[in-house]
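Report on the following structure.
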Amino acid sequence: MEFTFLLFMILNINMQEIEVEEKIIKASSTKKFIHNKKKKFFKLFVPAIKNVHNELMKQYISASNDINNSINLEHINLLKKEYKVKTDEELLMALKPHPQSITLAQAAMESGWATSRFFLEANNVFGMWCSNDTQPRISAEQKRAGGKIIWLRKFDTIEDSIRAYYKLLATAKAYKEFRELNMKTDNPYELVKKLDKYSELGSVYGQELSKVIKYNNLTKYDK
């Protein structure tokens, strides 16, 4: 009996050690997978977002100079029509791009760090819906109430998706407060609080964006 009990204890201890080792290996593999996923994400998105942000910032600075000097007013009026605004102030609010850290955080959350079907099949980084049947699009797996199909936009490139996302935040009424605050501060942690209407998560969405920005030190891309 004593021998049997001793053998049982030895086997039990060995099993526990194996379980611990398996957990360590699994945790290590998970960590490596996440690291590689994020590495791929940043390689894809940092240069693309930087290019679009620089492009939009140049447009914003140029329009600001034109307005201040009362020149190229025909072009300014065309921009107002494009961005659906009436005043110079509203135009500048629409044209000023928000910090890249926010764009990166939303891209990460909305695309599952570049693993979502919408991104892989349609370059749709931000989960943007499509109601125009003349635009390239793909269907979502889930449907709306009543069985209606949810369609998402399909983009040729990642940069096209980023441009459309910036345009959405620049023109939609839901983000008016976001645009107004963006003229007053470049603090991403304050700005994300005004993106509660971007997701069904509401105010929690901004909190999650803040966590992604802080944990991944995304503010370094704002410098």
Seminar exercise, completed: The helices (runs of 4 or more DSSP H) lying entirely within the stretch 87-187 that contain at least 3 residues which are among the hydroxyl-bearing types (Ser, Thr, Tyr) and surrounded by 13 or more Cβ atoms within 10 Å (Cβ to Cβ) are 100-111, 158-171
For this session: Please find, among ILE49, ILE61, the residue that is in contact (Cβ under 8 Å) with a residue 40 or more places away in the chain, of a type in the set (Val, Ile, Thr) and closer than 27 Å to GLU177 by Cβ.
Result: ILE49
Exercise. So is ILE213 modelled with pLDDT of 95 or more and outside any loop (DSSP other than H, G, I, E, B) or not?
Worked result: yes
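The values are calculated or read from the model by the stated rules, or taken from the named source; none is laboratory data. Since this is a predicted model, take the numbers as computed values, not measurements. As a convention, Cβ positions derive from the backbone with ideal geometry for all residues, glycine included, and neighbour counts pool all protein chains shown.
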